[in-house]
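Here the structure is laid out as structure tokens; the discussion comes afterwards.
The values are calculated or read from the model by the stated rules, or taken from the named source; none is laboratory data. Worth saying up front: this structure is predicted, and the values here are computed from it rather than measured. A quick note on method: Cβ atoms are made from the backbone with ideal geometry, for glycine too, and the neighbour counts reach across all protein chains shown.
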Amino acid sequence: MRILFALLLSLLIGTAAAQEAPQPDGTISTEQDASGDAAIERRIEAIIAELDGYGDVGVIVREGIVTFTGEVLDADAIPRLEELAVRVDGVVAVETEVTESTDVALRLDPVLERFQARMVQAFNYLPLLAVAVLAGAVVILLGTLLARWERPWDRIAPNAFIANIYRVVLRLAFVIAGIVVALDILNATAVLAGLFGAAGIVGLAVGFAVRDTVENFIASVMLSVRQPFRPHDVVDIEGSLGSVIRLTSRATILLDPDGNHVRLPNSFVFKAKIINYTRNAERRFGFALGIDPNDDLAEAKRIGLATLEGLDFVLADPPPQVWIQDAGDSTITMEFYGWVDQGTTDFMVARGEALRLVMGALTRADIGLPEPTYRLNLAGGALPVLDLPDSRNRPDEIVLTEGDASPETEMPAAEEVTPPRIIERMVDEERRKGNDKDLLSRAAPQE
């Protein structure tokens, strides 16, 4: 069945080729004899005898009409016969009865011959191939040695991560150069176009597949160059508050106030809003107190300001400030601000001490700090009277007694506000035992 199908296919190909065969043009001569046909036949036979693949092809010429018969192994060889015949002088028309051979033995012989020829050619190319491989290996080895030389790259790079990228790029450039040198020796540089095209397609597909990874890597490079924070800096990254432990090639690692590790992807950190509380040594604290509207607000403001100015941990420059922020339903909101040096003062402890001492000073000066008061207006007349029974020895009426006067007390001293450095010690310990290489460097520029 397969042989029959192959015969039908070859017959269709031969018929189509015969229909599309080019024919001679021009005027047909009125004189034609047997000697002319024989000369055309001898000439075509001599030509195809010198060509490969036409050993079983016969030529018959009658009245200038050339007829080809026989079989060929390659169907593409049939149109070439027709193109050859029309170029011979005296040919009137061309008929092709050549078909493609389906003989297995005949078709395998050229394959074996080609295989043997290629084996011989590959064997002859072995010395040249060895020279090409050796030259390419020398170039690649040179690039590897240069990449391992740490001193120049560490000097020109802002940090170790960028220096490592320089080494990888240099090594890759020398690998490409080695391949180009080897192909040039083999006179096969045309292969580079195909390799680069395939590499581009593969790179595009891989880029889509690992887009998040690539974005995170680029963010790591940019953060290591920009250095928006240093180790031990207290930062707030989109609500994640903590001290910086290190910056790795994948994530930024923080230690929060509770001692927990917080790992943030660098792609998120690069795009996030970063508040660095450590960049400036001076930091302002503030708090608000509700003052009784019936008291002297100017006196309350003066007392609060004097109290803040009298605290050793509050800086004189910038000076502390006090102002009225808002008027509520039952209190006047007054805000108190002061500056501390974070290098010598614990910020949160200093704020708490300032709040405690200001409240104490206002209380001793009889400045009221009332809680919110609400007035109820009940419709229908007076408030109801609650009749309290005497079953529990309660008095028959409310008795007012004068309270004891509060003793005069001096202004209490501020407690110790020196930072305990607990978080700093924990960060140092984490940095010592960490396995990930830190990309933050004191020598690198900081934005």
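Is it the case that ILE324 is in contact with a helix residue (DSSP H, G or I) (Cβ under 8 Å, 6 or more places away or on another chain) and in a loop (DSSP other than H, G, I, E, B)?
Spelling it out, it is not the case that ILE324 is in contact with a helix residue (DSSP H, G or I) (Cβ under 8 Å, 6 or more places away or on another chain) and in a loop (DSSP other than H, G, I, E, B).
Of the conditions (1) more than 30 Å from ASN164 (Cα to Cα); (2) of a type outside the set (Phe, Trp, Tyr); (3) at pLDDT below 90, VAL322 satisfies every one except a single condition; which number is it?
(3)
Kindly indicate the residue of region 327-343 that is farther than 14 Å from LEU315 by Cβ, touching a strand residue (DSSP E or B) at 6+ places or on another chain (Cβ under 6 Å) and among the polar types (S, T, N, Q) and also modelled with the highest pLDDT among those meeting that condition.
THR333
Conditions first: (1) part of a strand (DSSP E or B); (2) under 30 Å from THR213 (Cβ atoms); (3) touching a helix residue (DSSP H, G or I) at 6+ places or on another chain (Cβ under 8 Å). LEU254 passes all but one, so which condition is the exception?
(3)
Conditions tested, residue by residue: (1) at pLDDT 80 or above; (2) under 19 Å from the mean Cα position of the chain (by Cα); (3) assigned by TED's automatic domain parsing to the domain that holds ILE253; (4) part of a loop (DSSP other than H, G, I, E, B).
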| residue | (1), (2), (3), (4) |
| --- | --- |
| ILE165 | no, yes, no, no |
| LEU170 | yes, no, no, no |
| VAL175 | yes, no, no, no |
| GLY178 | yes, no, no, no |
| THR189 | no, no, no, yes |
| LEU192 | no, no, no, no |
| LEU204 | no, yes, no, no |
| LEU223 | yes, yes, no, no |
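Could you check how many residues of region 260-274 are surrounded by 14 or more Cβ atoms within 10 Å (Cβ to Cβ) and either touching a strand residue (DSSP E or B) at 6+ places or on another chain (Cβ under 9 Å) or part of a loop (DSSP other than H, G, I, E, B) (or both)?
Adding up the residues that qualify gives 8.
Given the structure, is LEU308 surrounded by fewer than 18 Cβ atoms within 10 Å (Cβ to Cβ), assigned by TED's automatic domain parsing to the domain that holds MET359 and closer than 24 Å to PRO370 by Cβ?
For LEU308, the condition - surrounded by fewer than 18 Cβ atoms within 10 Å (Cβ to Cβ), assigned by TED's automatic domain parsing to the domain that holds MET359 and closer than 24 Å to PRO370 by Cβ - is not met.
For (1) at pLDDT 80 or above; (2) part of a loop (DSSP other than H, G, I, E, B), each residue gets a yes or a no:
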{"residue": "THR345", "(1), (2)": "yes, yes"}
{"residue": "GLY352", "(1), (2)": "yes, no"}
{"residue": "LEU357", "(1), (2)": "yes, no"}
{"residue": "ALA361", "(1), (2)": "yes, no"}
{"residue": "ASP366", "(1), (2)": "yes, yes"}
{"residue": "LEU369", "(1), (2)": "yes, yes"}
{"residue": "THR373", "(1), (2)": "no, yes"}
{"residue": "VAL385", "(1), (2)": "no, yes"}
{"residue": "LEU388", "(1), (2)": "no, yes"}
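Considering only residues of region 63-77 that are in contact with a helix residue (DSSP H, G or I) (Cβ under 6 Å, 6 or more places away or on another chain) and at pLDDT 85 or above, which is farthest from GLU100 (Cα to Cα)?
The qualifying residue farthest from GLU100 (Cα to Cα) is VAL66.
Of the numbered conditions (1) within 30 Å of VAL322 (Cβ to Cβ); (2) buried (at least 16 other Cβ atoms within 10 Å of the Cβ); (3) not assigned by TED's automatic domain parsing to the domain that holds MET426, PHE287 satisfies every one except a single condition; which is it?
(2)
For ILE332, are the conditions met, namely being surrounded by 13 or more Cβ atoms within 10 Å (Cβ to Cβ), without any contact (Cβ under 8 Å) to a residue 40 or more places away in the chain and either in contact with a Leu (Cβ under 8 Å, 6 or more places away or on another chain) or not assigned by TED's automatic domain parsing to the domain that holds LEU357 (or both)?
Against the criterion (surrounded by 13 or more Cβ atoms within 10 Å (Cβ to Cβ), without any contact (Cβ under 8 Å) to a residue 40 or more places away in the chain and either in contact with a Leu (Cβ under 8 Å, 6 or more places away or on another chain) or not assigned by TED's automatic domain parsing to the domain that holds LEU357 (or both)), ILE332 does not qualify.
Looking at (1) surrounded by fewer than 18 Cβ atoms within 10 Å (Cβ to Cβ); (2) farther than 30 Å from GLY328 by Cα, which one does SER243 not meet, given that it meets all the others?
Of the numbered conditions (1) surrounded by fewer than 18 Cβ atoms within 10 Å (Cβ to Cβ); (2) farther than 30 Å from GLY328 by Cα, the odd one out for SER243 is (1).
Residues to consider are VAL139, VAL131, VAL111; find the one that is at pLDDT below 80 and under 60 Å from the mean Cα position of the chain (by Cα).
VAL111
Identify, from the list ALA34, ALA38, ALA49, the residue that is farther than 22 Å from ARG80 by Cβ, loosely packed, with under 12 Cβ neighbours inside 10 Å and modelled with pLDDT of 80 or more.
Going through ALA34, ALA38, ALA49 in turn, just one is farther than 22 Å from ARG80 by Cβ, loosely packed, with under 12 Cβ neighbours inside 10 Å and modelled with pLDDT of 80 or more: ALA38.
Sort out which residues of region 303-337 are closer than 20 Å to VAL349 by Cα and among the polar types (S, T, N, Q), and write them in order of number.
Within region 303-337, THR307, GLN321 meet the criteria.
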